[in-house]
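Written out below as C-alpha cells is the structure these notes cover.
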C-alpha cells in the first residue's frame, strides 16, 4: 500500500476498518499505524492518543448510522418507522461489526455533544412522535427501544440464539412487534 497523505478522517476511517476486521478492543495507535504502513509517531499529529482514536471511531459510527437511519425512516411513521429504525441498526451491526461495537462503549463528552450523536437522538425521538407518547416520556421510550435493539443484537452476535432451531430473524420481528405494542399503549405520564 503506498504511503498516504494522512489526515484525521483518513486515520479514523482506517481505525474503523481495522475494528471491523479485528474488533474494537484491538484498536491502538500502533495497530492503525501498522495498517497505514507508517510509524505510530506519524499519527499523533492527527489523533492525540488511543482515547481520541476510539472517540473518533465512535463519531464516525454515529455519523454512518445516522445517515442510514435518516434514509430508512424518511417518509415513515409509527410501526413502519420503528421497523426501519431497528433494521437500520441491525444492518449496520452486521455490515460494520467493529464500528457498531464502538457504539457500545461509554462516549466522552465531546462525542456525546457531537452533531453525529445529536442526529441519532433527534431521529430516534422523531420516530417516537409517531406514537402517542407524552413529550416528557420520549427519552424513556427511546431508551426502551435502544435497550431492546442493542440487547438483541449483542445476544445474536454472541451466538446466544444459535442453540435453538427457531429463526433469530423471526425473533427479531417479534421483538420489534412487541416494541410497537409497548409504544402504542404507552401509559400517559409514566416518566414522572
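FYI, it's all coordinate maths here, none of it is from the lab. Keep in mind it's a predicted model, so treat the numbers as computed, not measured. Here the Cβ is made from the backbone with ideal geometry for all residues, glycine too, and neighbour counts use every protein chain on show.
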Note: residue 108 to residue 161 extended length (0.36 nm per residue) minus current alpha-carbon separation gives 15.9 nm
Mind listing the Cα extents of the chain along all three principal axes, in Å, largest one first? 57, 40, 29
Which whole-number percent is the relative contact order of the range 1-157 (Cα, under 8 Å, 6+ apart)? 24
Nearest 10 degrees is fine. How inclined is helix 168-184 to the longest principal axis of the chain, computing both from alpha carbons? 60
What is the helix-to-structure angle for 8-22, meaning the angle in degrees between its Cα long axis and the longest Cα principal axis of the chain, kept from 0 to 90 and rounded to the nearest 10? 70
Between residue 51 and residue 7, what is the label-point separation in nm under the 7 Å Cα-to-beta-carbon projection? 2.7
Mean-square fluctuation maximum in Gaussian network of the chain, Cα pairs under 10 Å, restricted to 59, 157, 90, hits 157
Who wins for biggest fluctuation among 56, 75, 98 in a Gaussian network model of the chain, springs between alpha carbons below 10 Å? 75
Plugging the Kirkwood radius over Cα pairs into Stokes-Einstein for the range 47-132, at a temperature of 10 °C and a viscosity of 1.306 mPa s, what D comes out in µm²/s? 119
